[in-house]
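The values are calculated or read from the model by the stated rules, or taken from the named source; none is laboratory data. It should be emphasised that the depicted structure is a prediction, and the values quoted were computed from it without experimental measurement. Counting neighbours? That spans all protein chains shown, and the Cβs are built from the backbone with ideal geometry, glycine included.
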Amino acid sequence: KQGNVAAPSRVVDDREVHEYFTHHGHRTAVSQRALQAHADPLPGYTDIDDVGFVVSELSPYEADLDWSELTEPDELAEVIEQLGQ
C-alpha cells in the first residue's frame with residue numbers, strides 16, 4: 001500500500017522529522033509500531049520508482065506465494081533484501 005502524507009506534515013515543517021524518515025512508507029511503518037497496541041508485528045516498507053510503500057504481513061492462511069520462479073542467486077538476494085526491511 002502506498003504510504004500517505006501525514007496530515008500534520010501539511011502544516012508543521014520540522015526538518016528533523018522530515019529527514020528522519022526515508023519516505024512516507026517508512027514513516028507509516030514506524031508510526032504503526034509506535035502508536036497501535038495490536039499492530040502488525042512485522043510492518044515493513046519499500047520503495048518502487050522513488051515512491052514509498054508500506055508492506056504488511058501476508059497470513060499463511062490467506063494465500064500461498066509461488067516461489068518456484070526464484071531460482072537465480074541474484075534474484076533471491078533481491079527478494080531477501082526486501083523481505084528483511
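Taking the condition polar (S, T, N, Q), part of a helix (DSSP H, G or I) and more than 12 Å from the chain's Cα centre (by Cα), does S31 pass? Taking the combined requirement at face value, the residue does not satisfy it. Of the residues examined, A37 is not one that is surrounded by fewer than 11 Cβ atoms within 10 Å (Cβ to Cβ), modelled with pLDDT under 75 and either in a loop (DSSP other than H, G, I, E, B) or touching a Gly at 6+ places or on another chain (Cβ under 8 Å) (or both). Considering the conditions (1) modelled with pLDDT of 80 or more; (2) in a strand (DSSP E or B), V54 is excluded by exactly one of them, (1). Of the residues making up region 10-19, those that are in a helix (DSSP H, G or I) and either among the acidic types (D, E) or over 18 Å from D50 (Cβ atoms) (or both) are R10, R15, E16, V17, E19. Scanning region 62-85 for residues that are part of a loop (DSSP other than H, G, I, E, B) and touching a strand residue (DSSP E or B) at 6+ places or on another chain (Cβ under 9 Å) gives G84, Q85. Determine the pairs where a residue that is over 14 Å from Q85 (Cβ atoms), located within region 18-34, has a partner that is among the basic types (K, R) with Cβ atoms under 9 Å apart, the partner being 6 or more residues away or on another chain. Qualifying pairs under 9 Å: Y20/R27.
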